[in-house]
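Notes to accompany the following structure.
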Amino acid sequence: MSTPATPPSGQPGPGAPAGRPSGAGGPEDRSSAAHSRDNRSPGGRSHALNGTLALRPRGLWLVTSLELRQRLRSVRWYVALTVWTLVLLGIGVLGLAPTLYTAQWDGLEPVAAMIFSLQIILVLFAMLLVVPALSAGSINGDRTAGTLATLQASLLSPLEIALGKLLAGFLTGLAFLVLALPSVVPIALLGGIGPLYFLRVVLVIGLLTLCVTAVGLGLSAVTQRQLGSVVLAYVIVFGVTVVLPIAWGSSAIFLEQEREVTRYSSAYLSSDGAEAGRCVAVTRTDSVPRIDLSMPLLWGNPVVLLAEAAPPLPADTWYGGGNGEDPDVLRLLKTGVRTAATITHPAHSNFCEPGQEGYPEHLAEAPDRPVWPMGLGLWMIGGGLSLAVAVWRLAVPIRRLGAGTRIA
């Protein structure tokens, strides 16, 4: 019994249509196969954009918990938290003891309010010293230790790795902030600081902690050495906090303008006594510093943003009013910054007391221009861009690495 001959390779079988070899696809099949090969990485796995930006709660918590456990295993973190708490409590006692000793009970609240504002500024500076070190060596430190490649080779996406490291650094920063609060709560109670005022300043410090942590994470992704990224983070914080305010103050020398200015002041006793104690308007042309034009240099300053969280001073504070509200450093700074934003307004040149003869009742109030929307917006944009850079640098395969960079 004869068996049918097997057609040679590449030849159509008995049931195959003429003109198309057996086992070979048409143009549509070949283009589909080529498109499938183009969308696959060299290892055969799909390398689409949604894989880089995939975000699952389980993956995010896995990276966060790994980062937190790694820090909790180290003894130096317990030492750092203990030293931090003791130092800030000591500073709180140093601020509280002289206040209770020198101030009388009727004058205790204004002094305590002033001490509270100084202490909360000190807490802000202390946080700015600690936070850059929490994340500025997160990515390049793991790359140097050879543990980053293990995370990149797993099913975790670059976004989950970056957000997990950011969340771990932010939670560590919040731990430092919570441990700093007992040093300021007693003086806040003595100073009559309202709960909303207190919560606002704490919220501002928390948001700045998140943004600085994100900036440090981005720096750790683009620099090779951990020391370099930490130093760059401190340089950025120092520049925004100290250098830019100095540049803003120096701009008054160059930003001067000849303007017609009207000043309202109490007239001295004249020879006939006609204008004694009367409010007189004097109009003249002066050289006015236009530091309101360089105000963007102060938008991102952490101290200015902290002062923006303080309630405004009443308009009659300097004339014996104020409705019992005590001025402090933050409230004074807020008033000064908003005054500098509209420095040429006539309301800022009124030195007469309300009710005085000739007082300019028709004079409009100076515009109250807040700074915090622009400042927090700049910090959030910087933090978001830094996070995007970190995700981009964590994506695999990476095309270019610096010389001497360790992969695994």
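For the stretch 141-264, report the accessible area per residue in Å² (1.4 Å probe, heavy atoms, rounded to an integer).
Details: 5590 Å² over 124 residues.
Value for the stretch 141-264: 45 Å² per residue.
Most tightly packed first, judged by the mean number of other beta-carbon atoms within 10 Å of their residues, the peptides 301-314, 357-370 read 301-314, 357-370.
Which order do you get for Val282, Val202 if you rank them by accessible area with a 1.4 Å probe, largest at the top? Intermediate results must be reported in sequence, preceding the final value.
Details: Val282 70, Val202 30 Å².
Largest to smallest exposure gives the sequence Val282, Val202.
Where Lys and Arg each count +1 and Asp and Glu each count -1, what net charge lies around Pro360 among other residues with Cβ under 15 Å from its Cβ? Result for the local shell: -2. Across the stretch 192-198, computed HN-Hα scalar couplings (Karplus, 6.51 cos²θ - 1.76 cosθ + 1.60, θ = phi - 60°) run x, 6, x, x, 5, 4, 5 Hz from first to last residue, x flagging Gly and Pro.
Note down the magnitude of the dipole of the stretch 144-302 about its Cα centre, charges +1 on Lys and Arg C-beta and -1 on Asp and Glu C-beta and zero elsewhere, to the nearest 20 debye. Don't jump to the answer; show the numbers that get you there.
Numbers: 8 positive and 8 negative charges, 91 e Å.
Dipole size: approximately 440 debye.
What FRET efficiency do you get for Leu255 and Arg76 if R0 is 51 Å and r is their Cβ-Cβ distance, rounded to the nearest 0.05? All intermediate terms of the calculation are to be shown ahead of the outcome.
Values: r = 48 Å, r/R0 = 0.94.
E(calc), rounded to 0.05, equals 0.60.
Provide the gained length on full extension for the span Ser265 to Arg284, in nm with one decimal, where the gain is 0.36 nm per separating residue minus the Cα-Cα distance.
5.5 nm
Each Lys and Arg contributes +1 and each Asp and Glu -1, all at the Cβ; summed about the Cα centre of the stretch 56-146, the dipole is approximately 760 debye.
If you wrap the tightest convex hull around every Cα atom of the stretch 161-317 and split its volume per residue, you get 184 Å³. Take Glu258: with every protein chain present and a 1.4 Å probe, its accessible area is about 120 Å². Along its first, second and third principal axes, ordered by size, the stretch 125-168 spans 39, 20, 10 Å in Cα coordinates.
Measuring with a 1.4 angstrom probe and ignoring ligands and nucleic acids, Val261 comes out at about 20 Å² accessible.
Taking all protein chains in place and a 1.4 Å probe, what share, in percent, of the accessible surface of the stretch 102-194 do carbon and sulfur account for?
75
Just subtract the alpha-carbon distance of Leu203 and Val185 from 0.36 nm times their residue separation and send over the number in nm, one decimal.
Numbers: separation 18, 0.36 × 18 = 6.48 nm, distance 1.50 nm.
Extra length from Leu203 to Val185 when fully extended: 5.0 nm.
The values are calculated or read from the model by the stated rules, or taken from the named source; none is laboratory data. Everything numeric in this text was worked out from a predicted model, so none of it was measured. Note that each Cβ is placed from the backbone with ideal geometry, even for glycine, and that neighbours are counted across all protein chains shown. Ligands, DNA and RNA are excluded from the accessible area calculation, which covers all protein heavy atoms including side chains. Shrake-Rupley method; radii C 1.70, N 1.55, O 1.52, S 1.80 Å.
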